[in-house]
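Here's the structure we're looking at; comments come further down.
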Amino acid sequence: MIKLYGTSMSRAARSLWALEEAGVKYEHVPVGFTGETRKPDYLKINPNGHMPALDDNGTLLWESMAINLYIAEKYAKAPLWPSTVEGHAASYQWSFWGVTEMETPLLDIFMSRMRPADQRDEKVAQAGMEKLKMPVKVLDDHLQKSDYLLGKEFTIADLNVASVMSLAPLIQLDLSAIPTAQKWLQKCLERPANQRAVAMK
């Protein structure tokens, strides 16, 4: 059976979401933030000591986007995993884009604003806001042409990008300037599979 290691309060949430969308039977192993990822047994699974990690009957994977694309390709059906090579390429494109263009500035804002008041750095948060301006416009412009990133149906690309952007509501990020993307994000995050994932430990 597939085992997915990591708390839903980490990037493991996006892989739990992918497993739920794919309808795969799996075991969730809720590894915490209290040094569990540095224990020798866990380091055998993910030598980086981060979450998540996947064990699919001996196939070990880490890096959440790689895990999600693997789950989609191996276990999901269309439309979650597109049926064409072009669709696969677009899924890779948007998934990697989400990490390279969106995740770092969102994490900068999150870390700057969620710390105790005496440890916050508003300059870092503002720099993150500035870095987000172009990618959120790219996303909003694209979504004005289609319901989802690859067309009319929800795919792994939407899941991966929405999982990155799920930080936005947590930091009360004002998305009113990108209303199309805001509605898309809400629609993605409200999916039952994601609701089940985030409800886990």
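Near Lys123, which lysines are there with a Cα under 17 Å away, not counting those fewer than 8 places off in the same chain?
Lys131, Lys133
Cut-off under 23 Å on the C-alpha distance; same-chain residues fewer than 8 positions from Lys74 excluded. Which lysines are left, in chain and number order?
Partners found: Lys3, Lys25, Lys152.
So what is the 222 nm mean residue ellipticity for the chain from helices alone, if each DSSP H run of at least 4 adds -39500 (n - 2.57) and you divide by all residues, rounding to the nearest 500 deg cm²/dmol?
-15500 deg cm²/dmol
From the phi angles alone, apply the Karplus equation (6.51, -1.76, 1.60; θ = phi - 60°) to segment 80-89 and give each ³J(HN,Hα) in whole Hz, x where the residue is Gly or Pro.
3, 10, x, 8, 10, 4, 4, x, 4, 4
Considering only the other residues whose Cβ falls under 13 Å of the Cβ of Arg120, what net charge follows from Lys and Arg at +1 and Asp and Glu at -1?
Residues close to Arg120 contribute a combined charge of -1.
Could you work out how much longer the chain between Leu107 and Gln172 gets when fully extended? Use 0.36 nm per residue separation minus the Cα distance between them, nm to one decimal.
22.1 nm
Compute the projected area of the convex hull of the Cα atoms of segment 85-196, averaged over all viewing directions, and report it in nm² to one decimal place.
7.3 nm²
Can you check how the C-alpha radius of gyration of segment 2-74 compares to 2.2 N^0.38 Å, as a plain ratio?
So the Cα radius of gyration is 0.99 times the expected 2.2 N^0.38 Å.
Post the alpha-carbon centroid distance, segment 137-200 to segment 84-105, in whole angstrom.
If we compute the Cα centre of each part, the gap is 14 Å.
Could you bin all the Cα-Cα distances of the chain into 5 Å bins starting at 0 and give me the percent of pairs in each, rounded to whole numbers?
P(r) for the chain, in whole percents per bin: 1, 7, 15, 19, 20, 17, 12, 6, 2, 0, 0.
Quick one: 3J(HN,Hα) in Hz for segment 115-130, Karplus 6.51/-1.76/1.60 with θ = phi - 60°, rounded, Gly and Pro as x.
Taking θ as phi minus 60°, the curve returns 6, x, 3, 6, 10, 6, 10, 5, 5, 5, 4, 5, 5, x, 4, 5 Hz for segment 115-130.
Laboratory data are not the source of any read-out in this text; all were calculated from the coordinates shown. On a predicted model such as this, the values are computed, not experimentally measured, just so you know. All Cβ positions, even for glycine, are placed from backbone atoms using ideal geometry, and neighbour counts span all protein chains on display.
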